[in-house]
Amino acid sequence: MNSQTKSQFIAVASITSELSAVMVVAKEISLAAANAKAIAFRAGDKAKGFQPITDFINELAKETIELVTNINVYALLLYRLTVNEYRRTAAYNRFEQVAKLAVGAEYADSMQEPIAQAKTIMQDCQRQFKRDVTQLLGQLEAVMHHARAARVIAANSRIEASQAGEYLQSLQAVAESVDKAAHTIHDNVQRCRIALSIYRNS
Amino acid sequence: MKMTKIYEGAHQWVMFGRDENKPDNIIDSNQYIVRTANKCLLLEPGGTELFAPMMAAVLHHAPVEQITDLFASHQDPDVISSLGLWDQALSNAKLHAPALWEGYIRHFGCESIEYVPIPDNGETIKLESVELQIIPAHYLHSPCNFHVYDPVAKILMTGSVGSAWEGANAPVFVERFDSHVEKMRYYHQRMMPSNQAKRAWIDRVRNLDIEILAPQHGRMFKGDDVKRFLDWFDALQVGTGV
């Protein structure tokens, strides 16, 4: 296995690993939203501005979980494609070796068709991989968008929390945890994007 | 890859082996083809590492599109791990291999090649007008194992039975049986698990008219050495690993 193939396998495998961490964090946001909702309810009029924000937070967490679930399915398909591309490339290379070794053999020419077929299939796999990576990067961008939105919500939450009197600390803690989660999601997804970007369609 | 024609009649048998370019840390193995006018059967196609030299050698005898049948005596990688590559090279081929091992052998890659499962009691492979008998050889050494007998060429391809671990320069036929025995003893004692299975197989093959006994590793036996081998194997205690 050459180093290019190895990095391809590692890039695809790392997506699943990074995204499972994102999933955990998204679930934490969902929990923070439920917590914030309960606090805001208790705070009544003092946290009036905070109440609609909790729905936003919850919605964002749900959408992130859904997106990541879909990306994971896609990442598995990409992994299978990588395995297939590896097998096809290995076969093509062996067939080329056969052609070299068979020089002078009576039926050496009969190898040309399998070589041509193997080359076409290998190139199709490579093109498909690039297409899928481009699509996956688009999906990852959507998760990044959610992370950015979560940070804006966290900033708004802080402002609204400051009006909440004795509930200030609890609501600020919620804002902090959303902000921290947004950062983690951003960083993990960014690592996925960097790992994959070298394989995208130019 | 050395090529030796071992039968020439209305059809041919060719033995391939002693590949000088194979990596040192993989075992040397013998592959065989049975060639008829329009078809070619590959017996024990070999491991992945051997695919390129083996295919190149076969192209001296048959075009790719006429390699229509493959046979694997059992599931070991030195026998059939090249399957995934043959699978991508051959457009219309069948693999005759033990039914018991189908789910295992398919791990090597078998999408376009048709897997023809051999039942426990054996069967016949028809290659144009040539009929090859698939002889059960279970537990020798694999629990589900077969040999191939050609009654016209009088060749019995015996897979692991008769094998010896030898270098890439060894002659293809046994020349002095008595000295060859020491090259086979440990292999058979350690690799063959059952004296009962061994006796059943010997009883079966003693009824066959055999001119050449062709194993998957080491040298082939010809003429009187076939009987000498059967007598020697009959007397040998096997299953010494426990």
Every residue from the stretch A:127-144 that is touching a residue at least 24 places away in the same chain (Cβ under 8 Å) and open to solvent by 70 Å² or more (accessible area, probe 1.4 Å):
A:Lys130, A:Arg131, A:Gln135
So which residues in the stretch B:109-131 are among the hydrophobic types (A, V, I, L, M, F, W, C) and in contact with a Pro (Cβ under 8 Å, 6 or more places away or on another chain)?
B:Ile118
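Could you please find all residues in the stretch B:100-145 being of a type in the set (Asp, Glu) and either open to solvent by less than 50 Å² (accessible area, probe 1.4 Å) or away from chain A (no Cβ under 14 Å) (or both)? Talk me through it step by step, then tell me what you get.
Step one: filter the stretch B:100-145 for residues of a type in the set (Asp, Glu), giving B:102, B:111, B:114, B:120, B:123, B:128, B:131.
Result: B:Glu102, B:Glu114, B:Asp120, B:Glu123, B:Glu128, B:Glu131.
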In the stretch B:46-95, which residue that is at pLDDT 95 or above, open to solvent by 20 Å² or more (accessible area, probe 1.4 Å) and part of a loop (DSSP other than H, G, I, E, B) is nearest to the other protein chains (Cβ to nearest Cβ)?
B:His60
What pairs come out if I take residues in the stretch B:167-179 that are touching a residue at least 12 places away in the same chain (Cβ under 8 Å) and more than 15 Å from B:Lys227 (Cα to Cα) and pair them with residues that are open to solvent by less than 50 Å² (accessible area, probe 1.4 Å) and aliphatic (A, V, I, L, M) whose C-beta lies under 7 Å away, six or more apart or interchain?
B:Val172/B:Met15; B:Val172/B:Met220
Sort out which residues of the stretch A:75-101 are away from chain B (no Cβ under 13 Å) and either open to solvent by 40 Å² or more (accessible area, probe 1.4 Å) or outside any helix (DSSP H, G or I) (or both), and write them in order of number.
A:Leu76, A:Leu77, A:Tyr79, A:Arg80
Kindly indicate whether any position in the stretch A:104-112 is among the small types (Gly, Ala, Ser) and either more than 9 Å from chain B (Cβ to nearest Cβ) or in contact (Cβ under 8 Å) with a residue 60 or more places away in the chain (or both).
no
Verdict on B:Arg18 being charged (D, E, K, R) and within 22 Å of B:Phe146 (Cβ to Cβ)
no
Is it true that some residue in the stretch A:16-24 is of a type outside the set (Phe, Trp, Tyr), closer than 30 Å to B:Leu85 by Cβ and within 11 Å of the chain's Cα centre (by Cα)?
yes
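The values are calculated or read from the model by the stated rules, or taken from the named source; none is laboratory data. Quantities reported herein were computed from a predicted structural model and do not represent experimental measurements. Methodologically, a virtual Cβ is constructed for each residue, glycine included, from the backbone with ideal geometry; neighbour enumeration extends over all protein chains shown. When the accessible area is computed, the model is the full protein with side chains, heavy atoms only, and any ligands, DNA or RNA have been set aside. Shrake-Rupley method; radii C 1.70, N 1.55, O 1.52, S 1.80 Å.
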